[in-house]
Every structure is written in structure tokens, then in C-alpha cells.
Amino acid sequence: MHTTALPYRIGEPDVECRYPVIIGADQVIGKAFRWHRDWLVDTSEGEHNLRRPPKGTKGIDMAAAYLAEEYAAGRVKAVPLDQVLAEAPKQLYGPVPLLHPRMPATARNIAGAHVAFAGLADHRWRAVHSGFPGSDNAWFLLCELCGWSGVRYWSHHRGRNGNPPSAYRHDGGCIGEEKVRELITAYQQ
Ligand SMILES: [Zn+2]
């Protein structure tokens, strides 16, 4: 297994599914996030696309190593984690746009978004920050059954071969698979 000795850690993602990369006790040297196959970083100097990670390397590790190098070279500034959290975009509970701002409004994307939103409603999930970002892309969702929220992927939620998705909704247990099956009609057909 590839290991790295760089002294950073990855914090909890914000509602935009961006992971803070932290050095020392609490210094954030940038945020890393995925957009489809690319990994990007957001730093004191703005946004930078690192493209796809090399085979066998996790994108988040590639992004964090890049940030650590940039920081060591004095090219990006660190910000205390408290400040990053205070300035983070807040979780919203109102309606969100159909498409993520980075998603082009093509007929295919619009159709995919309608399918995804209908599926979220059927399965009691809510997009609380952004519109549909694509099937295999990180999407910050709220579980309406228990109030959990976090990063999900629509491709994991749509089920396969006409079957509903797993009743195991997310880490932490939710309300239990039996109750999930009781509350969601897709499991009763
Ligand atoms: Zn839940």
C-alpha cells in the first residue's frame, strides 16, 4: 500500500463536498474536492484543477499532497479551521436549483436531474445545498428519516435492475432497515 509521510489530515466535508486539508493543530491550507473525474483545490490563491489522479492514487491524497507542497513552498496561505468553518457555506433547507452550477443545462443533464430528484423524493432524501451534480459526483444530501446529512452519490441511490437501492441508507444506522422498508413504498412492491 502506498503511504505518505506528509503531516496533514483531512477534515469533514462542507455542504459543497469540499474537504479541508489541515496541517498542525488547526491550520487549513486549502480545500480539496472532486468534480467528475478531476480533483480540484481551493486555496488562498483561488481554484486550481489537478485533473485525474495517477492510477492507484486516491484523488484526495493527490490533492492534499499538492497543497502541502504549495504551502511548504510559501505559495499558499493557511487559515485557522475555526475561520474556515465560520465562513463555510451553510446548509440550506429551501428549494435548490435543478442542476449544480457547474453542470451544463443540456437535455441529457436536465432529464437526469429530474430522474434523480424524483428518486430522492421517493426515498426521502433532500438536496440541501446544490442541484444535481451528475450521477457519480459528490452530492450533499439530508436523510429525511433521521436528519443525518453528508456526502452521497446518486449512482449509489438509484438501485439496480429495477430493484430499489439498499435499505442501508448511511453510516450511523439511520432508523433501522426494517423501519426504512415500512416507510418507503418502493420497498413494498
Ligand atoms: Zn437516516
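The values are calculated or read from the model by the stated rules, or taken from the named source; none is laboratory data. Predicted model only: the values in this text are computed from it and were never measured. Cβ coordinates were reconstructed from backbone atoms using ideal geometry, including for glycine residues, and neighbour counts include every protein chain displayed. Just so you know, the surface numbers come from the protein's heavy atoms only, side chains and all, with ligands and any DNA or RNA stripped out. Shrake-Rupley method; radii C 1.70, N 1.55, O 1.52, S 1.80 Å.
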* Using Cα pairs closer than 8 Å and at least 6 residues apart in sequence, work out the relative contact order for the chain, in percent. => 16 percent
* Between Tyr153 and Asp82, 0.36 nm times their residue separation minus their Cα-Cα distance comes to what? -> 22.8 nm
* Note, ³J(HN,Hα) from phi for the stretch 119-129, Karplus 6.51, -1.76, 1.60, rounded to Hz, x at Gly and Pro -> x, 4, 4, 4, 9, 6, 10, 9, 7, 9, 9
* To do: Out of all DSSP beta bridges with both ends in the chain, state the antiparallel percent to the nearest 5.
  => 95 percent
* Please give the calculated 222 nm ellipticity per residue for the chain, where each DSSP H segment of at least 4 residues contributes -39500 (n - 2.57) and the sum is spread over every residue; nearest 500 deg cm²/dmol? => -7000 deg cm²/dmol
* Between Leu183 and Val115, what FRET efficiency follows from the Cβ-Cβ distance if R0 is 22 Å, with the result rounded to 0.05? -> 0.55
* **Extension gain (nm, one decimal) between Ser135 and Arg108, 0.36 nm per residue minus Cα-Cα** => 8.5 nm
* Structure fact -> Two pseudo-spin positions, 7 Å from Cα along C-beta at Arg51 and at Ala167, lie apart in nanometres by 4.7 nm
* Structure fact -> Lys pairs in the chain with Cα under 26 Å (8 or more apart in sequence, or on separate chains) total 6
* **Under Karplus coefficients 6.51, -1.76 and 1.60, residue-wise ³J(HN,Hα) of the stretch 135-147 in Hz, glycine/proline x** => 5, 9, 10, 4, 9, 7, 10, 10, 7, 6, 7, 9, x
* Find the relative contact order for the stretch 8-87 and round it to a whole percent, using C-alpha pairs within less than 8 Å whose residues are 6+ positions apart. => 26 percent
* **Near-label residues of the stretch 104-122 by backbone N, under 20 Å of a point 7 Å along Cα→Cβ of Ile175** => 118-122
* Heavy atoms of Val84: accessible area, 1.4 Å probe, square angstrom to 10 -> 20 Å²
